[in-house]
Amino acid sequence: DQKVCGVVLAVDSTEIQVDIGRGLAGYITKDEYSLDPNVNMTEEVKVGDKLNLIIMKINDQEGTAMLSKRRYDAIAGWDNIVAAKDSAEIVKGVVNEVIKGGVVVYTNNVRVFIPASQATLNREDNLEALKGQEVSFRLIEVSQRGRRRKVIGSIKSVLKDEFAEQRAAFWESAEVGKTYTGTVRTLTNYGAFVDLGGVSGMIHISELSWLRIKHPSEVVNVGDTVEVYIKDINDETKKISLGYKKTEDNPWTILETQ
């Protein structure tokens with residue numbers, strides 16, 4: 001458990017050899033280098049680098065020492081995690097795993113579990129899309145019992161704040177006739193709901209096409225990027241009616257210009 005500083009002598013994809021003095025050859029396995037299973041040690045570490053380490057085991061007969069960088073980092077990282085929880089600070093990390101019930105993120109060399117209910121803004125969003133992505137989150141639970149540490153985070157908490165900022169910015173400039181680029185989120189029998197960036201508006205089925213259609217899916221699909229304009233705003237309910245079809249596409253207009 002003693003802290004030492006080692007100078008890298010050699011490194012490959014599975015192990016790092018370091019000199020810690022005392023006539024001992026020090027070794028760090030990939031598992032003891034980082035908690036991240038996807039870490040590439042040959043890219044991160046070069047011969048001559050100095051690493052802060054903790055001695056795990058010494059074999060006097062062979063003159064070797066098994067060392068750990070991740071355990072050293074975890075001690076410092078844990079202090080940062082506790083401080084971030086107390087201050088509600090937003091931290092960043094990379095999603096390394098999608099597991100049953102949520103995702104796993106690593107930050108400050110500490111494993112953070114983010115439940116599915118806290119991983120996205122909408123429950124129907126695909127968790128697999130987060131894998132390998134850097135995300136921002138807050139820590140909502142940090143506890144330690146002996147050597148067992150439990151850290152739970154929330155991406156949703158940060159997304160809700162961003163969502164609120166987008167809504168505020170939208171309403172500051174929203175006006176009838178203004179054009180927006182949005183994303184189709186849901187379809188109903190009577191229209192399509194479009195995300196305008198923190199605010200949702202509806203294109204009534206009659207506004208989707210100059211032709212008579214039976215369902216919005218004949219014109220747009222969920223996930224489509226569409227250009228729309230505000231037809232009406234209900235100031236009391238904050239409901240937004242959107243226009244989609246263009247005057248130049250009106251069959252009568254086309255006929256008159258031929």
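Remarks
- Checking Glu207 against (1) over 26 Å from Ser87 (Cβ atoms); (2) out of contact with any Gly (no Cβ under 7 Å at 6 or more places or on another chain); (3) open to solvent by less than 60 Å² (accessible area, probe 1.4 Å), the condition it does not meet: (2)
- A single entry from Val222, Val194 fulfils the requirement of being assigned to a strand (DSSP E or B), modelled with pLDDT of 90 or more and under 29 Å from Leu159 (Cβ atoms): Val194.
- Those residues of the stretch 10-22 which are more than 17 Å from Asn109 (Cβ to Cβ) and outside any loop (DSSP other than H, G, I, E, B), in sequence order: Ala10, Val11, Glu15, Gln17, Val18, Asp19
- Residue in the stretch 222-235 that is surrounded by 14 or more Cβ atoms within 10 Å (Cβ to Cβ) and out of contact with any Ser or Thr (no Cβ under 8 Å at 6 or more places or on another chain) present: no
- Subset of the stretch 17-76 (residues that are open to solvent by 60 Å² or more (accessible area, probe 1.4 Å), among the basic types (Lys, Arg) and at pLDDT 85 or above): Lys30, Lys46, Lys50, Lys57, Arg71
- Residue check for Val151: touching a strand residue (DSSP E or B) at 6+ places or on another chain (Cβ under 7 Å), surrounded by 14 or more Cβ atoms within 10 Å (Cβ to Cβ) and under 23 Å from Asp79 (Cβ atoms): yes
- Pairs, first in contact (Cβ under 8 Å) with a residue 40 or more places away in the chain in the stretch 144-167, second open to solvent by 30 Å² or more (accessible area, probe 1.4 Å) and of a type in the set (Val, Ile, Thr), C-beta under 7 Å, six or more apart: Val151/Val142; Ile152/Ile140; Gly153/Ile140; Ser154/Ile140; Val158/Ile90
- Condition met for Ala168 (open to solvent by 30 Å² or more (accessible area, probe 1.4 Å), assigned to a helix (DSSP H, G or I) and farther than 30 Å from Arg70 by Cβ): yes
The values are calculated or read from the model by the stated rules, or taken from the named source; none is laboratory data. Model, not experiment: these values are computed from the prediction. Note: ideal-geometry Cβ built from the backbone for every residue, glycine included; neighbour counts use all protein chains shown. Protein only, heavy atoms only, side chains kept; ligands, DNA and RNA dropped before computing areas. Shrake-Rupley method; radii C 1.70, N 1.55, O 1.52, S 1.80 Å.
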